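Chemist: Below is one structure. I have some questions about it.
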Amino acid sequence: MNQDIKNIIGGCFFLALSIIYGILASSISLFVVGSSQLFTARTIPLALSTIGTVCSFFLILPSFIRILRTRFTYSHPIKKQEHSNLISLGKSVAFFLLLMTAYALLFQILGFIIASTGLIYAGTRILGERKIIQPLMISFGIVMGFWLLISLFLDIYLPSGWIWGI
């Protein structure tokens, strides 16, 4: 599958996600006292939605222009290699959907650290990484960094799992 087509599909997905997030963010209720302030509960979600929308357009537009230029200069049928790449991409997407479902089901049981480490490690394996120790160490480091940021600095509770409650 052509890289430009992948960029357009991914960009459209994130564009839809950003627009939906922006619509949901605009429905966040504000307190009467804080509604006239510059920084409210809607500020960051709306900013993230706007940034996501702009980045999606910057991902879609150049790829779309390149495709239009190549389509009008020459045409070629789909090759078998592109078809097999499309099938392998579909398998990867299906595995990621199963992985995210398993993560959601195991999050409360295993806890944030173990479930998230497993998610990132399995994701790297799906993407084709064959080493064992390096992706495991990297995923554990990323998860521990997020845990420190979220749990200790922002004081947000993350479940430790039923396993640790025994």
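Chemist: For V143, V93, which order do you get if you count the other beta carbons within 10 Å of each Cβ and list the fewest first?
Modeler: V93, V143
Chemist: Taking the beta-carbon count within 10 Å as an exposure proxy, list S116, S160 from fewest neighbours to most.
Modeler: Least to most surrounded, the residues fall as S160, S116.
Chemist: Expected output is a single nm value to one decimal: the length gained when fully extending between N2 and L17, i.e. 0.36 nm times separation in residues minus the C-alpha distance. What is it?
Modeler: 3.1 nm
Chemist: If you don't mind, another one. I need S29, S18 ordered by Cβ neighbour count within 10 Å, fewest first.
Modeler: Neighbour counts put them in this order, fewest first: S29, S18.
Chemist: Given a Förster distance of 30 angstrom, what is the FRET efficiency for L127 paired with L46, based on the Cβ-Cβ distance and rounded to 0.05?
Modeler: Efficiency, from the Cβ-Cβ distance: 0.40.
No value in this document is a laboratory result; all are computed from the given coordinates. Note that the structure is predicted; figures quoted are calculated from it, not measured. FYI the Cβ positions are ideal-geometry reconstructions off the backbone, even for glycines, and counts take in every protein chain you see.
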